[in-house]
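Below: one structure, written as structure tokens.
The values are calculated or read from the model by the stated rules, or taken from the named source; none is laboratory data. Quick caveat, the model's predicted, so the values are computed rather than measured. With ideal geometry, Cβ positions are generated from the backbone for all residues, glycine too; neighbour counts draw on all protein chains shown.
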Amino acid sequence: MPIAMIQTTAAAAADTAADPAQRHPALAFVILWSASQPHRVGEVAFIPAFEERFVGRGDDAIDKFARFARQRPGEAPATDPRAGLLTGDSMSRRQAAVRAGATSIEIERVGRSAMLVNGVECPRAVLKPGDTVMFKGELLLLCTWRPTMLPAACGPCEGHVYGEADSAGIVGESGVVWTLRAEVARAAMSDDHVLVLGESGTGKELVAGALHRWSKRANGPFIPFNAADLSPSLIAAELNGHPANYPNPGMPARKGLLGDSDHGTLFIDEIGDLPLDAQAALLRALDSGQYRPVGETKPRKVDSRFVGATNKGGSVFRADFPARFPVRIYLPPLRERREDVPLLIRQWLLQRAQKFPALERFIRTGPSGRPEPQVSARLVDYLVRQPLPLNVRELHGVLLKAVDVDVSPRDVVRLPTFDPTHVPPSPRPSGEEEAKSNVDEEEEANGYMRPGSPSKAELVACLDRERGNVSRVGRALGLHRNAVYRLMESYGIKKGGCV
């Protein structure tokens, strides 16, 4: 049975907008990287259709220049003529001339900084949404569609510092992310069960946490578990619990996940991996809160809200199971919110530097007074234009390689010289070496002991933070959990996290 997804792209966001301007997104430039003003990453400049504008430091014809400003929900971007202009030692007063058409922007270099479009130097180009423009050594811009008015923010999703994580840990200033925040806030106000849909690495667990934290159940327990981590024979006992002395004498009673989540939220990650019989067993709990512990004959009742998350299609569910989740939230992949990639890079590097002091060499105090990672424009440009099918997990995996001392020995995080997302094929062996080679290829594909792999100290620290949960450690390090197990074995770390 197909699952209907709630689209959170800019176009879908516009469907609920009160302002007609929001229903017609305009072509715009977004700052992805700035050498002299890193705090301005994320700022937007709308390019009026069929009018010539200039990008640069400005001159007497101030009204002819694109002006960049922060865009927040329910507010038009500030239009201070001088504050919106660009700076930079090699930025000309008129660096580029631009003219927007119906679906593209013509751009021509007229200043002294070399201009690169999608990484290729050229004097002029026609930009489509998704293209990048770099003025070498100074500035990196993204051409994109952007609603001229973002959807109004509500309650708990307001008030965070521009470009930083909100109270749910969600990072982003794009239109689709602000629509997502509004959607999550509305869903949190209800008590309906929610199905969170999205590709791997789009932040489903963050959204589940926000649904709990922003709801009336916030003072109750938030119980997460990953259905993929449990064998089918254990699911019933894990969910429903069992009485004392069952199945063996001396066994303590267990409430189970359902009992533990009473008056709170039960988050079932990878809900698509629940076997069909487990889905059937959950139907009554989803409908009325009733469940029966293993080994008991009388049902119990629990007051829980269920949040499920999956990246799988409707074919993995019983026909009647998805109907128990009347609210659906679709998480946009990074390719639908490319302008947020530099903000996610900044957030990861700052957090990583707090955990690992060796990475503090990449952090400087910027002109605004806040810490700013030193990142090469080429790295940002590369990551913004990559499809990144594993989304934030894949982004973090590339960054983990980029901060390796062999790749970035000084104080700037640089793009690795190899393609971090490509695993080159190995020559096919023959005879006795084939079995060993198959293992080696699998290890290579899963990122095992490749350049930039976490050190033993980093792995132990991460295992400690995640209380030995290998799936979460893998997500934190941008590795497949099989690769984490192999690293643990190679470092002599036992499953509990001990050496």
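Taken over the range 109-132, the criterion of being surrounded by fewer than 15 Cβ atoms within 10 Å (Cβ to Cβ), touching a Ser or Thr at 6+ places or on another chain (Cβ under 9 Å) and on the phi < 0 side of the Ramachandran plot is satisfied by Arg112, Val126, Lys128.
Based on this model, can you work out whether Ala96 counts as closer than 17 Å to Ala35 by Cβ, buried (at least 20 other Cβ atoms within 10 Å of the Cβ) and either of a type in the set (Ser, Thr, Tyr) or modelled with pLDDT of 95 or more (or both)? The answer is yes for Ala96. Evaluate the range 244-258: report whether one residue or more is farther than 21 Å from Asp192 by Cβ, in a helix (DSSP H, G or I) and out of contact with any helix residue (DSSP H, G or I) (no Cβ under 6 Å at 6 or more places or on another chain). No, the conditions are met nowhere in the range 244-258. When the residues of the range 167-194 are filtered to those that are under 13 Å from the mean Cα position of the chain (by Cα) and part of a loop (DSSP other than H, G, I, E, B), the one that is surrounded by the most Cβ atoms within 10 Å (Cβ to Cβ) is Ser174.
Results for (1) of a type in the set (Asp, Glu); (2) assigned to a strand (DSSP E or B); (3) over 20 Å from the mean Cα position of the chain (by Cα); (4) not assigned by TED's automatic domain parsing to the domain that holds Arg186, shown as yes or no for each residue.
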residue: Val294; (1), (2), (3), (4): no, no, yes, no
residue: Lys312; (1), (2), (3), (4): no, no, no, no
residue: Ser315; (1), (2), (3), (4): no, no, yes, no
residue: Ala319; (1), (2), (3), (4): no, no, yes, no
residue: Leu344; (1), (2), (3), (4): no, no, no, yes
residue: Gln347; (1), (2), (3), (4): no, no, no, yes
residue: Ala353; (1), (2), (3), (4): no, no, no, yes
residue: Leu359; (1), (2), (3), (4): no, no, yes, yes
residue: Glu372; (1), (2), (3), (4): yes, yes, no, yes
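For the range 210-219, the criterion of being in a strand (DSSP E or B) and either touching a residue at least 12 places away in the same chain (Cβ under 8 Å) or over 30 Å from Arg481 (Cβ atoms) (or both) is satisfied by no residue at all.
Matching residues to (1) surrounded by 19 or more Cβ atoms within 10 Å (Cβ to Cβ); (2) outside the structural domain of Pro38 (by TED's automatic domain parsing); (3) not in a strand (DSSP E or B):
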| site | (1), (2), (3) |
| --- | --- |
| Met134 | yes, no, no |
| Leu142 | yes, no, no |
| Pro151 | yes, yes, yes |
| Tyr162 | no, yes, yes |
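Count of the range 259-291 residues, restricted to those that are assigned to a helix (DSSP H, G or I), of a type outside the set (Gly, Ala, Ser) and in contact with a strand residue (DSSP E or B) (Cβ under 7 Å, 6 or more places away or on another chain), is 4. Taking each residue of the range 225-236 that is of a type in the set (A, V, I, L, M) and looking for partners that are in a strand (DSSP E or B) and surrounded by 15 or more Cβ atoms within 10 Å (Cβ to Cβ) with beta-carbon atoms closer than 6 Å, six or more apart or interchain, yields Ala227/Ile268.
Only one of the numbered conditions (1) modelled with pLDDT under 95; (2) under 23 Å from the mean Cα position of the chain (by Cα) is violated by Pro409, and that is (2).
Here Gly201 fits the description: touching an Asp or Glu at 6+ places or on another chain (Cβ under 7 Å), surrounded by fewer than 24 Cβ atoms within 10 Å (Cβ to Cβ) and within 21 Å of Pro387 (Cα to Cα).
Whether a residue is closer than 19 Å to Arg410 by Cβ, among the hydrophobic types (A, V, I, L, M, F, W, C), in contact with a strand residue (DSSP E or B) (Cβ under 9 Å, 6 or more places away or on another chain) and not in a loop (DSSP other than H, G, I, E, B) was assessed, and Ile329 does not pass this test.
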